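The values are calculated or read from the model by the stated rules, or taken from the named source; none is laboratory data. No experiment lies behind these values; they were computed from the predicted model shown. Note: ideal-geometry Cβ built from the backbone for every residue, glycine included; neighbour counts use all protein chains shown.
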Amino acid sequence: MQAAIVNWLGTITKAQLASQPPKEQAADGLSAMRAQSVGLQDETAIKTQLGVYSEARQRRDGPAQATFYTEDAEIWLSTTRKMSRGHAAIEKELGLPSDPTLRFRLEVENISFLNPELAFIDAQYYSSSVDPNGHAFYVMVKRGGKWLIRETRTARFVPSSR
């Protein structure tokens with residue numbers, strides 16, 4: 001029975017598409033290409049934004065890092081094991097004494113769009129600090145055409161026993 005319904009739905013979809021004038025079919029294809037292009041543009045924008053954020057993180061510049069977050073953002077870092085909410089708390093949490101020997105970088109592994117203005121990002125972070133490497137999970141939202149971090153969760157990697 002389910003197979004018959006699936007076949008019937010497939011037939012309806014094919015029939016509806018076939019009944020569309022060629023101009024509408026082309027417009028649907030163009031819409032799909034535009035959507036794909038926007039997705040690529042947003043993916044590039046997110047990677048660029050996180051790259052610049054990573055630079056501010058390496059400098060330990062709290063005020064600069066806070067500008068990458070929404071006003072109502074939350075962060076939980078495995079290094080402090082506490083939740084910080086809002087710009088002032090995030091600025092304080094992330095603003096550490098300068099260390100010219102510190103190295104920090106993010107490598108974005110995956111971006112999943114839940115809708116055109118909401119994305120989940122998985123990244124690996126690498127640092128020259130005491131607890132150097134781990135996973136970062138970001139929830140980013142698009143506000144005013146700019147991608148901002150709404151949530152951050154980090155987890156340090158356990159040192160290998162090998």
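Couple of notes before you dig in:
- Verdict on E107 being surrounded by fewer than 17 Cβ atoms within 10 Å (Cβ to Cβ), within 16 Å of Y126 (Cα to Cα), modelled with pLDDT of 85 or more and acidic (D, E): yes
- Matching option when the condition is at pLDDT 80 or above and touching an Asp or Glu at 6+ places or on another chain (Cβ under 7 Å), among A136, A123, A155: A123
- All conditions in (1) within 16 Å of the chain's Cα centre (by Cα); (2) farther than 19 Å from R59 by Cβ hold for R85, with the sole exception of (1).
- Some residue of segment 57-79 being of a type in the set (D, E, K, R) and free of Cβ contacts under 8 Å to residues at least 12 places away in the same chain: no
- Residue count for segment 85-124, restricted to those that are small (G, A, S) and within 16 Å of A64 (Cα to Cα): 5
- Selection count, segment 80-135, where residues are outside any helix (DSSP H, G or I) and either touching a helix residue (DSSP H, G or I) at 6+ places or on another chain (Cβ under 6 Å) or hydrophobic (A, V, I, L, M, F, W, C) (or both): 18
- Qualifying residue in segment 52-70 (condition: assigned to a strand (DSSP E or B) and surrounded by fewer than 18 Cβ atoms within 10 Å (Cβ to Cβ)): yes
- Only one of the numbered conditions (1) at pLDDT below 85; (2) in contact with a strand residue (DSSP E or B) (Cβ under 7 Å, 6 or more places away or on another chain) is not met by S161, and that is (2).
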